[in-house]
Amino acid sequence: MRIVCAPSGIVSYSRPNQGIMDIHQGGFSHLSLDMQHCCSGQELENFRAKEEELKGERRQEEQLEAWQREKRISVLEDSSKIGRRFQKLASVGKENGITFPIARAPYLLRDTKRVDLEEVLLELHKACIRYCASVGGESIVIRPLFSGVEYGKEWEANRKYYLQLAPVAAESQVTVLLENQCQNRNGHMIRGMCSDAGLAAQWIDYLNKEAREQLAAEGREIHGDCFGFCMDVGVCNLCGQDMHEFAVTLDSRLKAVVLRDSDGQQEGAMLPFTCVSQGQPKTDWLSLIRGLRQIHFDGDLILEIQDTVECFSPLLRPMLMSLAKQVGEYFRWQIEIERALKKYSSIVLFGAGNMCRNFLKCYGEQYPPLFTCDNNEERWGTIFCGLEVKPPKALLSLPPDCGIFICNIYYREIEKQLREMGIESVEFFNDEYMPSFHFDRVKGV
Amino acid sequence: MIEIGIQTKNIVKDEEPRQGFFQMAQAGFTCGDFSLNAYLTNLSLYRQEKNDFFDQSEEELERFFTPHREGAREAGIRIHQMHMPYPCYVPNGSMELNDYLWHVVAPKSMKICAFFQCRYMVIHGFKLARNLGSEEKEWAETERFLQSLAPMAKELGITMCIENIYTQSGGHIVEGPCCNGRKAAERIDRMNDQYGAEVLGFCFDTGHGNLVGLDVEAFLSQLGHRLKVLHIHDNDGVGDLHQLPFTFTKTRENRASTDWDGFIRGLRRIGFDKVLSFETAPVLTAFPEKMKGETLKFIGKLGTWMAEEIACR
């Protein structure tokens, strides 16, 4: 699983040095390529419309001139210019050992008025796929068509569109990822294209099947699937969706996840765990982590935190980027929580309370601990949830390939204690995002 | 022909039920959604408190509700649907309380439903995904509960209706049980096939759908004929306010932020021909008491308008 940073709000494309430095020093080595930068939603909205509008009003000659100057560099007129927009970013990134494994293609505004841009988008998206491949990208998020698509004809319109992209994707060895969308209903965000995970899964399966057939008929070489899915957590949150269900339904089709926090009412891109109310998160991270863990998610985790970044002083950004990376790593650790357990031939727990009980409920059968430890000497020699509770000194006689998992929130304090005892194989366990929970808590332990 | 209904809470009072039913009739309603849940409220259940209302024998309960039934009959109000007290299972509740809800409240509610000659009983699914780990496991428990009532439902000619409900994280509402239309349709069909009768159907709640941004038209299309009952009300997309349809706007254009067009198109698409039932009890306490009659009439007019729109082909 790769932890990827979305550069929006952090990196200036015209002067990328400092932003890349902050990202790199924060510990990231992967950036997503936001191709909105070469053609924003607003630029698409104005395409060949603003010129006409301005021409009609002679008083605005200056504006028209400015518009034409801007237009001269529009990638919509000449898609070969895409590379020029990202030249500095790609070069500074390369110098810092940053890779661009995933890109996001330009897209229309959610409340776009344009229903006539399908052909323009198609050419632009083909060029974006090629550019993505040229910088070593493996996948690109291309949102489904929605504007001007008749109700009930969504599949037909998108099938035709995506299949036109398939030959370019196959040739470039780039996977096109569809993404769940919301729609603006008079100011209220409701579910849009591909927000029904069951339907989205069907779309991807059909697209892959048809693309394979199409490419085989043309005698082209096929490298894996042309299509996959990117789950935008921010959209799921806006639409109040059960993210466990969402992830599990998409299963192996899920190749990327956009991690962003928000209040669930308005679009937002905040650092996960920062949008909270009364000590509870506004985003249901429990469902998300459970879902990604269940499907053994191994794709790209993209941290999109533009809003948080822009509210932090540039002076604080290096620290923020470091925290963001740690948050990404935390997600990875939670999703792959069993990976640490599999490292050892045997395990022992430290802690004889609710976390120990939760471990045993969810993982005790598959990874049975030899015993558990506790610093409370009154508990030594007792049995807790079927495990013998031993004093910490019992850890000294363990074989070297036995892992000690701290099941107590005083992680660092206990880790220090164990390290001072000369114990090396110390791991943390955490029960905040367990696959299931007991209905009660044991008191007085 | 589509009829118009409203929940009885805040209209029908136990001291003089007849009066409330006449008030409903005068406002243009022909159907009632009997608020049985008002006799054992969710607030008390979540506090793990129960009263002794359902401790009464079936005969005592029938005696208690006879004035209600007669009052409705005299006023020309048909009890089309009823709401079972909820939650039917209190997560982290005592075993005693949950046994009582399952083995006493639920079957007695079904008997009361039959006593009113009411065809549809709305039942909330269990909210257990957090504890059990998935919606599938949560549904398995709800289904166990429904299966225990299904033989009685068949015998009494009642269709139990599962409803799209929600849960929350940090005050942000997210989908809870029965928010997947495709799954709901499959589950309803499976259970009805098993019993050879319509023991299970669906109650679509517009407000809950709005809170979790459902694509209403698609959802209703997935349900089709399985949709038996409606809870019509509106909110701001943030809280479950149970207000009048078309109340909430979010932009300067001041157009309704709830997808009422999709709701009407969806009902039209599936040929809905039952009752447009409003679950708008809070509206009646929000408006001044003296305006209650007029407020009720206005809700009735909204229903009539919707019925006309649905009938337009």
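Of the residues that make up segment B:272-295, is at least one within 20 Å of B:CYS178 (Cα to Cα) and part of a helix (DSSP H, G or I)? No, every residue in segment B:272-295 fails to be within 20 Å of B:CYS178 (Cα to Cα) and part of a helix (DSSP H, G or I).
Considering only strands (runs of 3 or more DSSP E) fully contained in segment A:240-353, which possess at least 3 residues that are outside the structural domain of A:GLY27 (by TED's automatic domain parsing) and either touching a Pro at 6+ places or on another chain (Cβ under 8 Å) or at pLDDT below 95 (or both)? Answer list for segment A:240-353: A:346-350.
Collect the residues in segment B:90-119 that are assigned to a loop (DSSP other than H, G, I, E, B) and either touching a Ser or Thr at 6+ places or on another chain (Cβ under 8 Å) or more than 14 Å from every other protein chain (Cβ to nearest Cβ) (or both), keeping them in residue-number order. The answer is B:PHE116, B:GLN117, B:CYS118, B:ARG119. Checked against the criterion of being out of contact with any Leu (no Cβ under 8 Å at 6 or more places or on another chain), within 14 Å of chain B (Cβ to nearest Cβ), more than 30 Å from A:GLY403 (Cβ to Cβ) and charged (D, E, K, R), segment A:282-297 has at least one qualifying residue.
If the condition is being closer than 15 Å to A:PHE229 by Cβ and not charged (D, E, K, R), then segment A:127-154 contributes A:SER139, A:ILE140, A:VAL141, A:ILE142, A:PRO144.
How do the pairs read when you match residues in segment A:270-285 that are closer than 16 Å to B:THR167 by Cα with residues anywhere that are of a type in the set (Phe, Trp, Tyr), using Cβ under 8 Å and keeping only pairs 6 or more apart or on different chains? Final answer for the pair search is A:PRO281/A:PHE273; A:TRP285/A:PHE273; A:TRP285/A:TYR433. Of the residues A:GLN202, A:GLN183, A:GLN214, which is in contact (Cβ under 8 Å) with a residue 60 or more places away in the chain and either β-branched (Val, Ile, Thr) or surrounded by fewer than 23 Cβ atoms within 10 Å (Cβ to Cβ) (or both)? Of the residues listed, the single one that is in contact (Cβ under 8 Å) with a residue 60 or more places away in the chain and either β-branched (Val, Ile, Thr) or surrounded by fewer than 23 Cβ atoms within 10 Å (Cβ to Cβ) (or both) is A:GLN183.
Looking at this structure, is A:GLY268 at positive phi and either away from chain B (no Cβ under 14 Å) or buried (at least 21 other Cβ atoms within 10 Å of the Cβ) (or both)? So A:GLY268 fails the test. Of all residues in segment B:116-153, those being of a type in the set (Lys, Arg) and within 20 Å of the chain's Cα centre (by Cα) number 2. The strands (runs of 3 or more DSSP E) located wholly in segment A:361-445 that include 2 or more residues which are in contact (Cβ under 8 Å) with a residue 24 or more places away in the chain and hydrophobic (A, V, I, L, M, F, W, C) occupy A:387-390, A:402-406. Take the conditions more than 11 Å from chain B (Cβ to nearest Cβ) and touching a Phe, Trp or Tyr at 6+ places or on another chain (Cβ under 9 Å) and apply them to A:ALA166. Does it pass? Yes, satisfied. Among the residues of segment B:227-260, those that are assigned to a loop (DSSP other than H, G, I, E, B), β-branched (Val, Ile, Thr) and within 27 Å of B:MET82 (Cα to Cα) comprise B:VAL238, B:THR247, B:THR258.
Determine whether segment B:210-223 contains at least one residue that is in a helix (DSSP H, G or I), crowded, with 24+ Cβ neighbours inside 10 Å and away from chain A (no Cβ under 14 Å). No, every residue in segment B:210-223 fails to be in a helix (DSSP H, G or I), crowded, with 24+ Cβ neighbours inside 10 Å and away from chain A (no Cβ under 14 Å).
The values are calculated or read from the model by the stated rules, or taken from the named source; none is laboratory data. In this text the structure is predicted, and so the values were computed from the model without any measurement. With ideal geometry, Cβ positions are generated from the backbone for all residues, glycine too; neighbour counts draw on all protein chains shown.
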